[in-house]
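Below you'll find the structure, written out as structure tokens, and then a few comments.
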Amino acid sequence: MSIIQITNLKKSFGLNEVLQGIDLTINKSEVVVIMGPSGSGKSTFLRCLTFLEEPSDGIIEIGEFTVLAGGKIERKRKKVIRELRKKTGFVFQSFNLFPHKTAIENVMEGPIIIHGTKPVEARKLAEALLIKVGLGDRCDHYPAQLSGGQQQRVAIARSLALNPLVMLFDEPTSALDPELVREVLQVIKDLAQEGMTMIIVTHEMNFAKDVADRIVFMDEGLIVEQGTSAEIFQTPKEERTRRFLSKVE
Ligand code: ADP
Ligand code: MG
């Protein structure tokens, strides 16, 4: 069953056509890793999926929501985009936690504000999620008292608190010191095991091999090729993919 369907997604910044027509279907519980050189449009792609960036053209379907790009910003469309965002967890390179709130308050905020959950319930949920990401003993710490890896795990818990249909990760470990990368990747692997549908942009090759059901290689705003990790890493068809892999490995 497909959970995300993207058809002919395009995005230009002025004359620069950064996404040149992306088609991608993602099934429930599938983990798709997107790789590609810097500037190939990976972040723009994720941002367009959630309308943090308005696509120039294309159709985005997530769950029951369908949005046509470039349409008029009328009221109903805004509402659909809001609903679609509620269903999409987004974890960025930078953790973006509220600095004046504790870990648990950061995780509680979404359910209270967006779902109208009662604070007592939200606290229970947040605590369970912090335990899940290995931070049960850090609930009352402020972001500044946590390592980068711990902050990123709080950010993941915060996204999960909204019970998303799909999780998007944009280079979740690239701002971390090397010794902190593994704990964050482990949390993402655990989510994969539980059947969370995910799109992950990462340069972590071994992680990608481990976790990806499918790897999508992007260059210059297009999907150059896609396949299982064995197909992409061992027998890439396209010269551009081979060149990229020879540089990063
Ligand atoms: P990646 O994540 O693969 O490194 P990006 O999606 O960040 O690539 O960027 C793709 C291209 O889009 C780059 O050429 C970048 O300069 C351009 N770009 C991204 N965001 C903007 C923006 N807000 N305004 C203008 N150009 C942008
Ligand atoms: Mg990027």
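Odds and ends about this structure:
- The chain: angle of helix 178-193 to the longest principal axis, Cα-based, in degrees nearest 10: 90
- Sparse packing (at most 12 other Cβ atoms within 10 Å of the Cβ) combined with a DSSP loop state is found for the following trypsin sites (Lys or Arg not before Pro) in region 62-148: Lys72.
- Solvent-free Debye scattering, log10 I(q)/I(0), computed from the Cα coordinates of the chain at q = 0.07, 0.11, 0.14 Å⁻¹: -0.24, -0.59, -0.96
- Using a Förster distance of 25 Å, the FRET efficiency for Ser38-Asp177 (Cβ separation, nearest 0.05): 0.75
- Nearest-ten-degree value, helix 239-248 long axis tilted from longest Cα axis of the chain: 40
- From phi via Karplus (6.51, -1.76, 1.60), per-residue ³J(HN,Hα) for region 95-109 in Hz, x at Gly/Pro: 7, 6, 7, 6, x, 8, 10, 6, 3, 5, 5, 4, 6, 6, 3
- When the GluC sites (Glu not before Pro) in region 65-125 are filtered for DSSP coil states and for at most 15 other beta-carbon atoms within 10 Å of their beta-carbon, the remaining sites are Glu74.
- Gain on full extension, evaluated as 0.36 nm per residue between Lys86 and Lys124 minus their Cα-Cα distance, stands at 11.7 nm.
- Computed per residue of the chain from DSSP H runs no shorter than four, each worth -39500 (n - 2.57), the mean residue ellipticity at 222 nm is -12000 deg cm²/dmol.
- If you plug the beta carbon distance of Ser2 and Lys101 into 1/(1 + (r/R0)^6) with R0 = 45 Å, you get a FRET efficiency near 0.80.
- Lys76-His141 FRET efficiency (beta carbon distance; Förster radius 35 Å; 0.05 resolution): 0.25
- Over the chain, relative contact order from alpha-carbon pairs under 8 Å, at least 6 apart, %: 25
- For the chain, the longest principal axis of the C-alpha atoms and the axis of helix 148-160 are separated by about 90°.
- Taking 0.36 nm per residue of sequence separation and removing the Cα-Cα distance, the Glu231/Leu245 pair yields an extension gain of 3.8 nm.
- Multiplying the residue separation of Ser94 and Ile113 by 0.36 nm and subtracting their alpha-carbon distance yields 4.6 nm.
Coordinate-derived values only; no laboratory data. This structure is a prediction, so every number in the text was calculated from the model and none was measured. Neighbour counts are summed over all protein chains in view; Cβ atoms, including those assigned to glycine, are modelled from backbone coordinates with ideal geometry.
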